[in-house]
1. Would you say Ile73 is open to solvent by 60 Å² or more (accessible area, probe 1.4 Å) and in contact with a helix residue (DSSP H, G or I) (Cβ under 7 Å, 6 or more places away or on another chain)?
2. Filter region 1-21 for residues that are open to solvent by 60 Å² or more (accessible area, probe 1.4 Å) and under 19 Å from the mean Cα position of the chain (by Cα) and give the result.
3. Among residues belonging to region 49-68 that are among the hydroxyl-bearing types (Ser, Thr, Tyr) and either in a loop (DSSP other than H, G, I, E, B) or touching a residue at least 40 places away in the same chain (Cβ under 8 Å) (or both), point out the one that is surrounded by the fewest Cβ atoms within 10 Å (Cβ to Cβ).
4. Being open to solvent by 100 Å² or more (accessible area, probe 1.4 Å) and within 17 Å of the chain's Cα centre (by Cα) is the filter; apply it to region 22-48 and report the residue that is farthest from Glu69 (Cα to Cα).
Amino acid sequence: SNRGRTYQDIFRLTAILAHELRHAVEASEAPTLKNVREFERYFRGIGVDEPNVLDTLAARETGAWVESELRGIVSSRGDD
């Protein structure tokens, strides 16, 4: 149904927002991020070990958790 698709879009976008907000928290914890080089060095230090990827396990887990929680809320209400 269209309603189910709308929920899926909301879940996915909210999960992306949560993921990016986690990165903001991570950046706020950095000792210094004066330029792009420092930013990249910091995120490579705390990030996942994948070539050409600046991401963190914490951000991935946060996004997945938020999406899972939203799905659980809707499923428990029978709205999907």
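The values are calculated or read from the model by the stated rules, or taken from the named source; none is laboratory data. Bear in mind that the values here come from a model prediction, so they are computed numbers and not experimental data. In this analysis, Cβ positions are derived from the backbone assuming ideal geometry, glycine residues included, and neighbour counts consider all displayed protein chains. Keep in mind that these areas ignore ligands, DNA and RNA; they rest on the heavy atoms of the full protein, side chains included. Shrake-Rupley method; radii C 1.70, N 1.55, O 1.52, S 1.80 Å.
1. Against the criterion (open to solvent by 60 Å² or more (accessible area, probe 1.4 Å) and in contact with a helix residue (DSSP H, G or I) (Cβ under 7 Å, 6 or more places away or on another chain)), Ile73 does not qualify.
2. Once the filter is applied, which keeps residues that are open to solvent by 60 Å² or more (accessible area, probe 1.4 Å) and under 19 Å from the mean Cα position of the chain (by Cα), region 1-21 yields Gln8, Asp9, Ile10, Arg12, Leu13, Ile16, Leu17, Glu20, Leu21.
3. Across region 49-68, the extreme among qualifying residues is Thr56.
4. Filtering first and then ranking leaves Arg44.
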